[in-house]
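Visitor: Got a structure for you, written out below as structure tokens; questions coming shortly.
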Amino acid sequence: MSASEILRGAMESGIIPEVADISRRGDVKWIQGELSYVTWISKGPEGFLTWSVNVGDAKFFGTMKPYGGMSVRVRAINEGVLSWPLKGERESLRLYLDEIHRGIEFVRDRADLASLLAEESDVVRGAAYAWQPAASYPARLVQSLVLARDIDANDLIDCIVGRMSNDVLILPNGDRLEIRKPAAYWAKQYSKVLGFEIPLPP
């Protein structure tokens, strides 16, 4: 099966909405409610199927496009275990569709997205996880703060402000990651495309 055929199977099953835009390259994009979605599938080593889903904020999807949107990337914990479906192999296709459905359902709403972005590292839920490298943490904190303020999530705002008050984050390997200076940089960059200032805690 081609990548587009697999994605059409996901559409026929109702996992991907009919309004989604499927490309021949093996990706599909759509917006549903508060969230935006971009899903990729590809053939990995030894013919195994791999997938990832970017789940982002629909409201700021267009304006934040130069920075990849305000999104988290969801992946399978156990990659390389599903064989690429062949024509007529409905069972292997069903297994794949079950996998991608987990990725699409990973983020519940804007508040959940804001909370995920504010996490220091990967977040695991069942058989999937949000891939969040430490280097992106300051930028994600700023994105989370913008979202939290937009939905008036005061508890989350307080949490983010508290995390931003730290000068550095000590990583598991002992390295030090600066927080305040890069967060200020990203707040300035995001303000340019969003059209409003992003005040950060002193």
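The values are calculated or read from the model by the stated rules, or taken from the named source; none is laboratory data. Small disclaimer: the values here were computed from a predicted structure and weren't measured. Quick reminder, even Gly has a Cβ in these numbers, built from the backbone with ideal geometry, and neighbours come from all protein chains shown. Just so you know, the surface numbers come from the protein's heavy atoms only, side chains and all, with ligands and any DNA or RNA stripped out. Shrake-Rupley method; radii C 1.70, N 1.55, O 1.52, S 1.80 Å.
Visitor: What list of ³J(HN,Hα) values in whole Hz, one per residue of region 108-123 in order, does the Karplus curve 6.51 cos²θ - 1.76 cosθ + 1.60 (θ = phi - 60°) give from phi, with Gly and Pro shown as x?
Guide: Whole-Hz 3J(HN,Hα) from phi for region 108-123: 7, 6, 5, 5, 5, 4, 4, 5, 5, 4, 7, 6, 5, 8, 4, 10.
Visitor: Something else: List the residues whose amide H sits under 5 Å from the amide H of Ala58, counting only those 5 or more places along or on another chain, with H placed 1.01 Å from N in the peptide plane.
Guide: Close amide H contacts, sequence-distant or interchain: Leu35, Ser36.
Visitor: Along region 10-18, what does the Karplus equation 6.51 cos²θ - 1.76 cosθ + 1.60 (θ = phi - 60°) give for ³J(HN,Hα), rounded to whole Hz, x for Gly and Pro?
Guide: Once rounded to whole Hz, the list reads 5, 5, 5, 7, x, 6, 10, x, 5.
Visitor: May I ask you to derive the FRET efficiency for Lys29 and Arg176 from their Cβ-Cβ distance with R0 = 35 Å, giving the value to the nearest 0.05?
Guide: Working: r = 38 Å, r/R0 = 1.07.
Once the sixth-power term is evaluated, E becomes 0.40.
Visitor: Multiply the residue gap between Trp131 and Ser165 by 0.36 nm, knock off their C-alpha separation, and tell me the result in nm, one decimal place.
Guide: Values: separation 34, 0.36 × 34 = 12.24 nm, distance 2.40 nm.
Result for the pair: 9.8 nm of gain on full extension.
Visitor: Please compute the alpha carbon radius of gyration of region 70-110, then divide it by the globular-protein estimate 2.2 N^0.38 Å. Two decimals is fine.
Guide: Values: Rg = 12.4 Å, N = 41, 2.2 N^0.38 = 9.0 Å.
Compactness ratio reported: 1.38.
Visitor: Follow-up question, since we're still on this one. Tally Lys and Arg at +1 and Asp and Glu at -1 over the other residues with C-beta under 13 Å from the C-beta of Asp109: what net charge comes out? Don't skip to the answer; put the middle values down first.
Guide: Numbers: positive: Lys59, Arg108, Arg110; negative: Glu34, Asp57, Glu105, Asp112, Asp150.
Net charge around Asp109: -2.
Visitor: For every other residue with a beta carbon closer than 11 angstrom to the beta carbon of Glu120, add +1 if it is Lys or Arg and -1 if Asp or Glu, then tell me the sum. Can you show the working numbers first?
Guide: Working: positive: Arg140, Arg163; negative: Glu119, Asp122.
Taking every Cβ under 11 Å from that of Glu120, the sum is 0.
Visitor: Which lysines does Lys192 reach when only Cα atoms under 24 Å apart count, and residues fewer than 8 places away in its own chain are ignored?
Guide: Excluding near neighbours in sequence, the set is Lys59, Lys65, Lys181.
Visitor: Near Lys43, which lysines are there with a Cα under 24 Å away, not counting those fewer than 8 places off in the same chain?
Guide: Lys29, Lys87
Visitor: At a 10 angstrom cut-off on C-beta neighbours, averaged per residue, how do the peptides 45-54, 68-77 rank from highest to lowest? Display every interim value, and only then the final one.
Guide: On the way: 45-54: 16.8, 68-77: 20.4.
Ranking the peptides 45-54, 68-77 by packing returns 68-77, 45-54.
Visitor: Could you give the dipole magnitude of region 48-202 about its Cα centre, charging the beta-carbon of Lys and Arg +1 and that of Asp and Glu -1, in debye to the nearest 20?
Guide: That gives region 48-202 a dipole magnitude of about 440 debye.
Visitor: May I ask for the Rg/Rh ratio of the chain, computed from Cα atoms with Rh as the Kirkwood radius, given to two decimals? Each step should come with its number before you reach the end.
Guide: Working: Rg = 18.3 Å, Rh = 18.0 Å.
On the Cα set of the chain, Rg over Rh gives 1.02.
Visitor: Another question about this same structure. When the scattering of region 146-191 is computed by the Debye formula from its Cα atoms alone, each counted once and equally, what is log10 I(q)/I(0) at q = 0.16, 0.21, 0.31, 0.33 Å⁻¹?
Guide: Taking Cα atoms of region 146-191 as identical point scatterers yields -0.54, -0.82, -1.06, -1.08.
Visitor: What FRET efficiency comes out for Asp155 versus Leu95 if R0 is 35 angstrom and r is the Cβ-Cβ distance? Round to the nearest 0.05.
Guide: Numbers: r = 39 Å, r/R0 = 1.11.
It comes to 0.35.
Visitor: Here's another thing I want to ask about it. Could you sort the peptides 181-193, 96-108 by per-residue average Cβ neighbour count (10 Å cutoff), highest mean leading? Please report the intermediate quantities before stating the final value.
Guide: Working: 181-193: 15.8, 96-108: 19.2.
Most protected by this proxy first, the peptides run 96-108, 181-193.
Visitor: Under the Karplus relation 6.51 cos²θ - 1.76 cosθ + 1.60, θ = phi - 60°, what is the ordered set of whole-Hz ³J(HN,Hα) values for region 180-196, x standing for Gly and Pro?
Guide: These are the phi-based 3J(HN,Hα) values: 4, 5, x, 5, 5, 4, 5, 4, 5, 5, 5, 4, 4, 8, 7, x, 8 Hz.
Visitor: Per-residue accessible area for Ser42 at 1.4 Å probe radius, Å² rounded to 10?
Guide: Accessible area, nearest 10 Å²: 60 Å².
Visitor: Before anything else, pin down the relative contact order of region 76-149: Cα pairs under 8 Å, at least 6 apart, normalised by residue count, whole percent. Display every interim value, and only then the final one.
Guide: Values: 62 pairs, mean separation 22.0, N = 74.
Relative contact order for region 76-149 comes out at 30 percent.
Visitor: Once the other residues with Cβ under 14 Å from the Cβ of Tyr67 are scored (Lys, Arg +1; Asp, Glu -1), what is the net sum?
Guide: On the way: positive: Lys65, Arg73, Arg140, Lys188, Lys192; negative: Asp57.
Computed value for this residue: +4.
Visitor: For the chain, what relative contact order do you get, as a whole percent, if you take Cα pairs closer than 8 Å and at least 6 residues apart? Before the final figure, lay out each step's value.
Guide: Details: 326 pairs, mean separation 28.3, N = 202.
Relative contact order of the chain: 14 percent.
Visitor: If you don't mind, there's one more thing I want to ask. May I have the pair-distance distribution P(r) for region 1-63, computed from all Cα-Cα distances with 10 Å bins from 0 and rounded to whole percent?
Guide: 22, 51, 23, 4
Visitor: Suppose the chain between Lys188 and Glu5 were pulled fully straight at 0.36 nm per residue; how much longer would it get relative to their current alpha carbon spacing? Walk me through the numbers before you get to the answer.
Guide: Working: separation 183, 0.36 × 183 = 65.88 nm, distance 4.24 nm.
This chain segment gains 61.6 nm when fully extended.
Visitor: Give me the extension gain from Glu105 to Thr63: residue separation times 0.36 nm, minus the current Cα-Cα distance, reported in nm with one decimal. Intermediate values should be presented prior to the final figure.
Guide: Working: separation 42, 0.36 × 42 = 15.12 nm, distance 2.40 nm.
Extending this stretch completely gives an extra 12.7 nm.
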